[in-house]
Amino acid sequence: MCFKIAVVSGKGGTGKTTVSVSLMHYMRRMLKASVHLVDCDVEEPNDALFFSDKVLEASKPIYQDIPEINTDHCSFCRQCSDYCAYNAIVVIPTVKFAQVEPTLCHSCGACSVACKDDAITLRQELVGTVNHYSLGDKLLLSEGELKVGSAMQTMLIKALKKSLPASDGIIIFDAPPGTSCSVVETISDVDLVVVVAEPTPFGVHDMELTIQLVEDMDKPYGVVVNKAGLGTDAVYQVLTDYSSELFGTIPFDKNYAKGYAIGQLTGGEQGRMEKWYKAIIQNIERRMLAYEGVDRVEW
Amino acid sequence: MKELTVLSGKGGTGKTSVTAALASMATHIVLCDNDVDAANLHLLAQPVILEEYPFLRMAGQH
């Protein structure tokens, strides 16, 4: 059975990517499971940077359909602009003007349905690219890379998820920061959400927003406090207030941060984080087993 | 009036900190937190709220 996990945080820079990449590394080892890492932070995908041994297996451009209005056929009835939920179409009948603003268009297709004059044709515009990498001999890392300037994050994340090969292991989705559409899309179909928080006033504030979002979406979740020992203990009070489960903490460690700063997350000196991840993975596994209806496991 | 934008690709690089630091050196300044997903600048600037109102979208929009 495939188990899907989303790693999220409201604030940027709390350690989503660090936790995602590390979870992948330690889950493969500790759970002997196949783990596919999927970078949904399509505006700034970073996961792949941590894998020097990756091989690009497939790269696929993703397009959106942008409508164009042929004013020779258009009767300027304004049905298309009335249908458009995104205010992307301007029609001024008195001067026979009708145009689509591509940066506002979400390619929903409503205008094509609304048009009785056959005046709308579609052209394809690049949204971004979906990349699949293999690590060793298997395809285990995927990412979406949004074209600079495109506002179609959600569409690209959908395309990225659709392109994934069937899995009977674990899929980890590294989410974008924030609490809006692209995060909702990343979380929408997962079985468990891991909220990564940092114990600063900003981290606590944004973690609370994230918990509200995840609870609103009715998703099971737990919290990982990264850089623990820095800043404030207020983060734990919020967890109590929301009755949120603490999956575990990862202590702030200057030497670890130094390794991260040159692109190292696991292996060698960085292995000192293993015990903290083990505790987190045990808690996640308990949730996975509950999901599958199994109540015990041997470690 | 001069307008200045502070931005970064990666999260957690210090947009809010730099903004607050610059603000602390200015005398006449308007600060605007555009990170509407997870606004944090108010945590540093601790402003007195003078006005607050809901921002509504047109019905039927998504």
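The values are calculated or read from the model by the stated rules, or taken from the named source; none is laboratory data. Note that this is a predicted model, so its numbers are computed, not measured. Positions of Cβ are backbone-derived with ideal geometry, glycine not excepted, and every protein chain shown enters the neighbour counts. Heavy atoms of the whole protein, side chains included, go into the accessibility calculation; ligands, DNA and RNA do not. Shrake-Rupley method; radii C 1.70, N 1.55, O 1.52, S 1.80 Å.
Remarks
- Segment A:107-126, residues that are surrounded by 13 or more Cβ atoms within 10 Å (Cβ to Cβ) and closer than 18 Å to A:Asp72 by Cα: A:Cys111, A:Ser112, A:Ala114, A:Cys115, A:Asp117, A:Ala119, A:Ile120, A:Thr121, A:Leu122
- Residue within segment A:217-234 that is farther than 30 Å from A:Ser52 by Cα and part of a helix (DSSP H, G or I) present: yes
- Count of segment B:6-20 residues which are of a type in the set (Lys, Arg) and either open to solvent by less than 40 Å² (accessible area, probe 1.4 Å) or more than 7 Å from chain A (Cβ to nearest Cβ) (or both): 1
- Selection from segment A:91-103 of residues that are more than 13 Å from A:Glu68 (Cβ to Cβ), open to solvent by 30 Å² or more (accessible area, probe 1.4 Å) and free of Cβ contacts under 8 Å to residues at least 40 places away in the same chain: A:Ile92, A:Pro93, A:Thr94, A:Val95, A:Lys96, A:Phe97
- Within segment A:176-228, if we keep just the residues that are free of Cβ contacts under 8 Å to residues at least 24 places away in the same chain and more than 13 Å from chain B (Cβ to nearest Cβ), the residue that is surrounded by the fewest Cβ atoms within 10 Å (Cβ to Cβ) turns out to be A:Asp218.
- Here segment A:58-77 is the region considered, the condition is being within 37 Å of the chain's Cα centre (by Cα) and either basic (Lys, Arg) or open to solvent by 80 Å² or more (accessible area, probe 1.4 Å) (or both), and the residue that is farthest from A:Thr121 (Cα to Cα) is A:Lys60.
- Scanning segment A:239-298 for residues that are open to solvent by less than 70 Å² (accessible area, probe 1.4 Å) and of a type in the set (Asp, Glu) yields A:Glu245, A:Asp253, A:Glu274, A:Glu285.
- Strands (runs of 3 or more DSSP E) fully within segment A:1-99 counting 3 or more residues that are more than 30 Å from A:Ile211 (Cα to Cα): A:54-69, A:89-92
- The set of residues in segment B:16-43 that are touching a residue at least 12 places away in the same chain (Cβ under 8 Å) and more than 26 Å from A:Ala175 (Cα to Cα) comprises B:Ala20, B:Leu22, B:Ala23, B:Leu31.
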